[in-house]
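The values are calculated or read from the model by the stated rules, or taken from the named source; none is laboratory data. Values in this document were obtained by computation on a predicted structure and should not be read as measured data. When we count neighbours, we look across all protein chains shown, and the Cβ atoms used for this are built from the backbone with ideal geometry, even at glycine. The area values use the complete protein model at the heavy-atom level, side chains included, leaving out ligands, DNA and RNA. Shrake-Rupley method; radii C 1.70, N 1.55, O 1.52, S 1.80 Å.
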Amino acid sequence: MLGALLWLGRQLGFSGEWLAGPDAAARLGLIFLTGLTVGGLSCMAVQGGLLASTIASRAVTAGDHGPGVAASRRGTVLPAAQFLIAKTAAYTLLGAVLGAVGARIPLRLQGWLLLAAALFMLAMAAQTLGLQTLVARLMPVAPKRLQRYIRGRSRRGDRWGPAALGALTVFLPCGITLAMEAVAVASGDALAGALVMLAFTLGTAPLFLALGLAIGRLGQAGGRAFRPVAALLMAAIAVFTLRSGMRLLGWNLERGPAAGSAVVSPIASLQPQELTIQAEPTGYRPARASLAAGRPIRLKLVASERPSCTNAVVFPGLQREFQLLPGRPTLVDLPPQPPGKLAFVCGMGMYSGAIDILP
Amino acid sequence: MSATVARFKVQGMHCQSCATSVDWEIEDIDGVADAKTSLAAGLTEVSFDGAKVKPADLLAAIQRAGFTAEPIG
C-alpha cells in the first residue's frame, strides 16, 4: 500500500523530498504505523464513540421498519465504511491545504517551521506518555456548540449521517493527529501533505473497521498499552524533522573528507575559481568539494531533471537561496571567502553538501 | 433545577480527545447541564441537578471514559 502511495505521488509530479527521497517509504511507513497503533486508539476516544453512536442510531431506525437489517453485518459495516471513506477524504484534503500553506512559507522560515514541528511532536510524545507539557495549553479545542452539533448528528440515524460525521471529525483531532498535521505543514507541498494525512488516516482505519464489525472496542485502557509505541514513533518522526530543520538552518551539517571530485579551475589569482554542482533527485554531486580561500568563486548550479527539493539550494552561511530551473544552469558569483566551510542544503533541509575553503 | 457544581481532578488524559470524551460521557447522564474538561489543568467542572445526579455518578462516568478521578473543592 505504501508503494502504491509513493507511485501515486510520483505520477502526480510530487516535488517535495517526502516522496523523492530514498527514505520516503520509511517516513510514510512510520506515519502509517503511528496511525495503526496509537493513532487509531487515540482517535477512537472520541471518534469511535461517534461511530458507535451513529451505528446504534441507524440500527434503531432500521428496526422501526422491520427486523433483520440492524442485526446484519451490512447494517454495521456500511456505516463504518461510509464514515471511514469520508474521514479519509476530509483528512487528505486537509493535508493538502496544510502542505500548501507550508509551501507558501518563505524558504528561510521553513527551517524554523521544521524545528517547531519537531518540538511539537516531541512534546506530544511526552504528553502521550502522561507527562504534562506546555503543548497541552496550545491544543485547539472545537467550540462546545460544534461539538454538540456533531454529537447530535451522530444520534439522528439518517442515511448519510456516518459520512457527514466522518468528514466532521477533522474538527475533533486527537493529539497524535495534530502532530501529523504539523508534519503535513512542514512537508511544504500540497501533495506531500495530502499523502502524510492519507497514510495516517489509512493507518487508523483497521481499528475503526473493527469497531464497525463489532469486534470490540479497546478504549482508553487498551490504548494505554500502546502509548509507549506511539511516543517512540512520534519521536522518530520528530528526529527526522529536526535534522531537516537543522540542516536548513545550517546547523550541525555532516562533516567528512572532501570528495575530491569537484571541478576546480584555479586559473589565475583574480580569475574566479569555478565549481559545478549538479542537483540530483536525492542529493548533490559533488556533495563535498574544496576551493581555495582568497579567490572569487563562480558556482554553476545545475538543476535536477526530475522534480526535487534539491532544486532549491540554500547557503545558510551566506543567507542566500537559489531556485534552480531545469535546462538553464544558475551562475552564482561569490566574493573571495575566508578559510572554512561553505555549507549548502536543499530547500527542505534533507540533502546537504559543503565546500571546504582551504587556506 | 437547582444547579450544583462539582469539580474533579482527572488523571490519564493525554490529548484533547480525552478531554472531549470525558465531557461527552458525563453529559450523557440525565440531569447534567454541562461538563467542561481542561486538558492543561487536568480538571473537569460539571454543572448538574443535585436532585437527579450524585457525584458518584459523575465519577463513574469519568471512569467509563477510561480515566481515574477524584473530587476536589
- Within 10 Å of the Cβ of an average residue in B:32-39, the count of other chain Cβ atoms is 2
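Ignore the peptide's own chain and count Cβ atoms of other chains within 10 Å of each Cβ in B:7-15; give me the average, rounded. The partial results should precede the final answer.
Numbers: counts 0, 0, 0, 0, 1, 5, 7, 21, 17.
Taking all residues of B:7-15 together, the mean is 6.
If R₀ is 45 angstrom, what is the calculated FRET efficiency for the pair A:Leu358 and A:Leu119, using the beta carbon separation as r and rounding to 0.05?
Details: r = 37 Å, r/R0 = 0.82.
Efficiency computed from Cβ-Cβ geometry: 0.75.
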- With label points set 7 Å from each Cα along the Cα-to-Cβ direction at A:Lys341 and A:Arg104, the distance between them in nm comes to 3.7 nm
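Estimate for me the total accessible surface buried between chains A and B (protein heavy atoms, probe 1.4 Å, no ligands or nucleic acids), in Å² to the nearest 100. Walk me through the intermediate numbers first.
Details: alone 16710 and 4140 Å², together 18950 Å².
Looking at A and B, the buried total is near 1900 Å².
When the chain is fully extended, how far beyond the present Cα-Cα distance does A:Leu146 get from A:Leu318, taking 0.36 nm per residue of separation? Write down the numbers at each step before the final one.
Values: separation 172, 0.36 × 172 = 61.92 nm, distance 4.88 nm.
Value of the extension gain: 57.0 nm.
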- Going from the alpha-carbon gyration tensor of segment B:3-72, what semi-axes, largest first and in whole Å, does one get by taking the root of 5 times each eigenvalue? 18, 11, 10
- Item | segment A:285-317-segment A:159-195 distance, computed between alpha-carbon centres (Å) | 37 Å
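If packing is taken as the average count of other Cβ atoms within 10 Å, what order do B:10-23, B:32-45 fall into, highest mean first?
Numbers: B:10-23: 25.1, B:32-45: 18.9.
Ranked by mean Cβ neighbours within 10 Å, highest first: B:10-23, B:32-45.
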- Message: Over chain B, what is the relative contact order in percent, taking alpha-carbon pairs closer than 8 angstrom and at least six residues apart?
- Response: 44 percent
- Task: Over the whole of B:20-27, what's the average partner chain Cβ count within 10 Å per residue? Rounded to a whole number, please.
- Result: 6
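Could you tally the net charge around B:Glu70, taking each other residue with its Cβ under 13 Å from the Cβ of B:Glu70, Lys/Arg +1 and Asp/Glu -1? Provide the component values of the computation, followed by the final result.
On the way: positive: B:Arg7, B:Lys9; negative: none.
With Lys, Arg at +1 and Asp, Glu at -1, the net is +2.
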